[in-house]
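To start, the structure under review is shown below, and the notes come after it.
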Amino acid sequence: GAGVSQSPSNKVTEKGKDVELRCDPISGHTALYWYRQSLGQGLEFLIYFQGNSAPDKSGLPSDRFSAERTGGSVSTLTIQRTQQEDSAVYLCASSVLAVDRDTQYFGPGTRLTVL
Amino acid sequence: AQSVSQHNHHVILSEAASLELGCNYSYGGTVNLFWYVQYPGQHLQLLLKYFSGDPLVKGIKGFEAEFIKSKFSFNLRKPSVQWSDTAEYFCAVNKKRFGAGTRLTVKP
């Protein structure tokens, strides 16, 4: 079946503008993760949705970042008043079960450039 | 605080050489350990994972990793690398802490 998809693949925006990044997980996957990867850095955990439970937002770097997951499927990561340091590749992953042991499947990422 | 260290930033090997990539972590609780690989132009994918039991775990494409609790390490190994193993490798703890990655270049 189809894998995790993300859109847009590339986004260039001006400092101060808001952006929305979208993730379509694999159908039936209950867990969805957002990460970001800055140049030369590893993945930085942002937020984790686990079925119907409250999301784990412990990785969000500031209140400019928020995410939602509608209907247990598609997720949107919103960054308000973007800053240059927000430039990174934003990755989404999903897994069947909301347990750490379950295999994650990653999307291709959205490359965000803030000018 | 949790952290993951991958000390090798870039490793260059010839085909058939043996590989060992280091991963050390700092975390006081239960750890679930992962190695991921990202081939050029492809998505990040799981190589192998450890949760409990036999500390030597085998993954795809001939890779294996050994969990040494006393050393807080989970090093990745492969006895004989191929040109197709050229990729970036990431170690992770509990899906929330990732190392900075090690870029492996295998010369044909």
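Candidates are the residues of the stretch B:85-95 that are part of a loop (DSSP other than H, G, I, E, B) and surrounded by fewer than 21 Cβ atoms within 10 Å (Cβ to Cβ); the one that is farthest from the other protein chains (Cβ to nearest Cβ) is B:Thr86.
I'm trying to understand the selection: among the residues of the stretch B:38-50, which are under 13 Å from the mean Cα position of the chain (by Cα), within 17 Å of A:Tyr90 (Cα to Cα) and of a type outside the set (S, T, N, Q)? Matches in the stretch B:38-50: B:Leu44 only.
Determine whether A:Thr82 is part of a loop (DSSP other than H, G, I, E, B), polar (S, T, N, Q) and within 14 Å of chain B (Cβ to nearest Cβ).
Details: part of a loop (DSSP other than H, G, I, E, B): yes; polar (S, T, N, Q): yes; within 14 Å of chain B (Cβ to nearest Cβ): no.
Considered against the rule, which asks whether it is part of a loop (DSSP other than H, G, I, E, B), polar (S, T, N, Q) and within 14 Å of chain B (Cβ to nearest Cβ), A:Thr82 comes out as no.
Within the stretch A:55-75, being in a loop (DSSP other than H, G, I, E, B) and among the hydroxyl-bearing types (Ser, Thr, Tyr) holds for A:Ser58, A:Ser62, A:Ser73. Against the list (1) in a strand (DSSP E or B); (2) free of Cβ contacts under 8 Å to residues at least 60 places away in the same chain; (3) touching a Ser or Thr at 6+ places or on another chain (Cβ under 7 Å); (4) surrounded by fewer than 16 Cβ atoms within 10 Å (Cβ to Cβ), the condition A:Thr103 fails is (1). Scanning the stretch B:22-38 for residues being more than 9 Å from B:Cys91 (Cβ to Cβ) and outside any strand (DSSP E or B) gives a total of 6.
Okay, residues lined up against (1) farther than 13 Å from A:Ser95 by Cβ; (2) among the acidic types (Asp, Glu); (3) modelled with pLDDT under 95; (4) more than 14 Å from the chain's Cα centre (by Cα):
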residue: A:Gly1; (1), (2), (3), (4): yes, no, yes, yes
residue: A:Thr13; (1), (2), (3), (4): yes, no, no, yes
residue: A:Leu21; (1), (2), (3), (4): yes, no, no, no
residue: A:Ala31; (1), (2), (3), (4): no, no, yes, no
residue: A:Arg36; (1), (2), (3), (4): yes, no, no, no
residue: A:Leu39; (1), (2), (3), (4): yes, no, yes, yes
residue: A:Gly42; (1), (2), (3), (4): yes, no, yes, yes
residue: A:Ser53; (1), (2), (3), (4): yes, no, yes, yes
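Pairing residues of the stretch A:39-55 that are over 25 Å from B:Ser3 (Cβ atoms) with residues that are in a loop (DSSP other than H, G, I, E, B), at Cβ distances under 9 Å and at least 6 apart in sequence or on separate chains, gives A:Gly51/A:Thr30; A:Gly51/A:Leu97; A:Gly51/A:Ala98; A:Asn52/A:Thr30; A:Ser53/A:Ala98. Please go through the stretch A:1-35 and give me each residue that is part of a loop (DSSP other than H, G, I, E, B), surrounded by fewer than 15 Cβ atoms within 10 Å (Cβ to Cβ) and hydrophobic (A, V, I, L, M, F, W, C), ordered by number. Of everything in the stretch A:1-35, just one residue is part of a loop (DSSP other than H, G, I, E, B), surrounded by fewer than 15 Cβ atoms within 10 Å (Cβ to Cβ) and hydrophobic (A, V, I, L, M, F, W, C), namely A:Ala2.
The C-beta contact set for the stretch B:97-108 (first residue touching a residue at least 12 places away in the same chain (Cβ under 8 Å), second residue in a loop (DSSP other than H, G, I, E, B) and hydrophobic (A, V, I, L, M, F, W, C), distance under 7 angstrom, 6+ apart or interchain) comprises B:Gly99/B:Cys23; B:Val106/B:Val81. Taken across the stretch A:36-54, residues that are more than 12 Å from chain B (Cβ to nearest Cβ), in a strand (DSSP E or B), surrounded by 21 or more Cβ atoms within 10 Å (Cβ to Cβ) and among the aromatic types (Phe, Trp, Tyr) do occur, with at least one present.
The values are calculated or read from the model by the stated rules, or taken from the named source; none is laboratory data. Only a predicted model underlies this, so the values are computations on that prediction, with no experimental measurement involved. Heads up, the Cβs are rebuilt from the backbone with ideal geometry, glycines too, and the neighbour counts pull from every protein chain shown.
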